[in-house]
Every structure is written in C-alpha cells, then in structure tokens.
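Working notes, structure below.
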Amino acid sequence: MITLALSKGRIFDETLPMLAAAGIEVTEDPEKSRKLILATNQPDVRVVLVRASDVPTYVQWGGADMGVTGLDTLIEHGNAGLYVPLDLKISACRMSVAARADFDYAHAVRQGSRLKIATKFVGIARNFFAEKGVHVDLIKLYGSMELAPLTGLADAIVDIVSTGNTLRANNLVEVEQIMDISARLVVNQAALKLNREPIRRIIDAFASATPQS
Ligand code: PRP
C-alpha cells in the first residue's frame with residue numbers, strides 16, 4: 001500500500017491532475033464527508049488528509065510514504081528523512097514582509113532599529129533578517145497575521161502573499177519579497193528503498209504532469 005498525504009483545499013485540488021497522470025483517481029470527495037482516509041481506483045494507493053503543516057511530519061515518520069507540501073512548510077519543518085524529488089510548480093505564491101503603509105520600513109531597517117516581526121514562519125523570518133543583519137524580535141502566531149501591525153502587536157509580518165487581496169483589505173503593503181513558494185513532492189527515504197518501483201512510477205508521472213517553466 002502506498003499512502004499519499006495531502007492537505008484539503010488548493011494542494012488537494014491541484015494534485016488531482018498529477019495523480020490522474022499516474023492513473024490514480026481519488027474516488028471520494030473530501031468536501032462531502034469527514035473521512036480522513038480516501039480510497040483511490042488503485043487498490044494499493046490511498047490518500048490521507050492532514051493539516052498542511054503536518055504533511056512533512058507524516059512523511060518523515062512513515063505515517064505516509066509521500067506527500068505534497070508547500071516550500072514554506074517544508075523549510076519550517078526541515079528536510080530530515082525526506083527525499084524531495086520535485087518542484088510541482090503548483091500552489092504558487094510568495095513569502096513577503098508586509099507592514100502598515102504609514103510605517104517606514106526601509107528607514108527602520110537603515111537605522112538599524114530593532115523590529116518586532118509577527119509570523120507563523122519563524123525559521124524563514126529568522127534566517128531572512130539574520131542574513132540582512134537586521135535585529136528582530138519574532139512573535140509566533142498561528143493565523144490572522146495581518147492583525148498584528150494593525151493592533152500594534154508588531155511592526156511588520158512575514159506571511160504568504162498570493163493575490164495580495166488580504167493585505168489590501170487590511171491596508172498593509174508588501175515591503176519586501178523573501179522567496180517564491182510552490183508545492184514540493186516529498187517522499188519518505190526508507191519507503192523509497194522498500195517500495196522503489198511503485199513510488200518511482202508515481203514520481204515519474206508527477207514529473208511528466210508538472211507545468212514546464
Ligand atoms: C494565506 C496568508 C494570507 C493569505 C494571502 O492564508 O496567510 O492570509 O493566504 O492570500 P492572498 O494574497 O491571495 O490574499 P491562508 O488562507 O492560506 O490561511 P492561513 O492563515 O490558515 O495560512
């Protein structure tokens with residue numbers, strides 16, 4: 001049995017055509033039930049639905065043989081025990097620094113001010129500001145990051161930007177881009193050794209279905 005970990009929503013939806021390229025069709029609709037294990041048309045392949053931030057954990061510890069996860073989540077988790085064969089080029093967005101329009105971020109950075117940064121992505125934020133030589137206090141949040149500069153909790157946030165609508169709706173501006181993000185295929189290294197042939201087949205099919213840049 002090959003178990004593939006996916007998170008509901010964009011990653012699930014955008015992974016379906018890649019599974020189809022491998023001849024795999026998920027036969028249950030995750031929006032229509034609360035089932036967490038979904039069967040496919042292949043008796044030896046199943047999909048498990050996990051929180052996006054848990055995908056690398058499931059794959060690292062063998063709860064799933066492979067999974068699809070955002071580069072942001074993967075960097076925060078670390079690569080231990082994981083083989084990352086493919087950038088699937090789906091779920092594309094970017095990681096950025098954002099602040100209130102009336103906060104002079106560039107000036108604060110030039111002055112060497114100590115910045116308060118709220119984020120769910122503490123590892124990415126720490127590395128980014130360390131490389132710039134900017135001193136920061138990192139405030140860990142689990143969601144609604146946009147509120148932090150509006151309430152005075154932080155000077156700026158490090159968060160995912162896709163359309164930019166969430167920032168605009170909350171009168172925040174993107175002041176710096178940190179990195180491009182897209183989804184990666186991750187594979188448990190031990191599972192790859194044990195089940196090389198079927199896993200390789202899925203990796204190759206995903207590679208053939210990955211949009212070319
Ligand atoms: C992300 C991110 C922003 C939003 C950006 O949140 O944290 O809030 O998407 O997208 P936009 O630029 O298209 O408006 P998400 O909806 O993934 O939920 P989360 O807060 O649980 O991460």
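The values are calculated or read from the model by the stated rules, or taken from the named source; none is laboratory data. All of these numbers come straight from a predicted model, not from anything done at the bench. Here the Cβ is made from the backbone with ideal geometry for all residues, glycine too, and neighbour counts use every protein chain on show. Just so you know, the surface numbers come from the protein's heavy atoms only, side chains and all, with ligands and any DNA or RNA stripped out. Shrake-Rupley method; radii C 1.70, N 1.55, O 1.52, S 1.80 Å.
Restricted to the range 122-151, and to residues there that are open to solvent by less than 50 Å² (accessible area, probe 1.4 Å) and closer than 16 Å to ALA101 by Cβ, the residue that is nearest to the ligand (Cβ to nearest atom) is GLU146.
Please state which one of ALA80, ALA39 is free of Cβ contacts under 8 Å to residues at least 60 places away in the same chain, touching a strand residue (DSSP E or B) at 6+ places or on another chain (Cβ under 7 Å) and among the small types (Gly, Ala, Ser).
On the way: ALA80 fails: touching a strand residue (DSSP E or B) at 6+ places or on another chain (Cβ under 7 Å).
When all the criteria are applied, what remains is ALA39.
Working carefully through the options THR15, THR73, THR69, find the one that is out of contact with any Pro (no Cβ under 7 Å at 6 or more places or on another chain) and among the hydroxyl-bearing types (Ser, Thr, Tyr). Only one candidate passes the filter, namely THR15.
What is the residue count in the range 188-206 for residues that are among the small types (Gly, Ala, Ser) and surrounded by 15 or more Cβ atoms within 10 Å (Cβ to Cβ)? Even if it seems obvious, please write down each step before you answer.
Kept after step one, since they are among the small types (Gly, Ala, Ser), are these residues of the range 188-206: 190-191, 205.
Imposing the further condition that a residue be surrounded by 15 or more Cβ atoms within 10 Å (Cβ to Cβ) reduces the set to 191, 205.
So the answer is 2.
Taken over the range 159-170, the criterion of being under 14 Å from the mean Cα position of the chain (by Cα) and either open to solvent by 50 Å² or more (accessible area, probe 1.4 Å) or more than 8 Å from the ligand (Cβ to nearest atom) (or both) is satisfied by ILE160, SER162.
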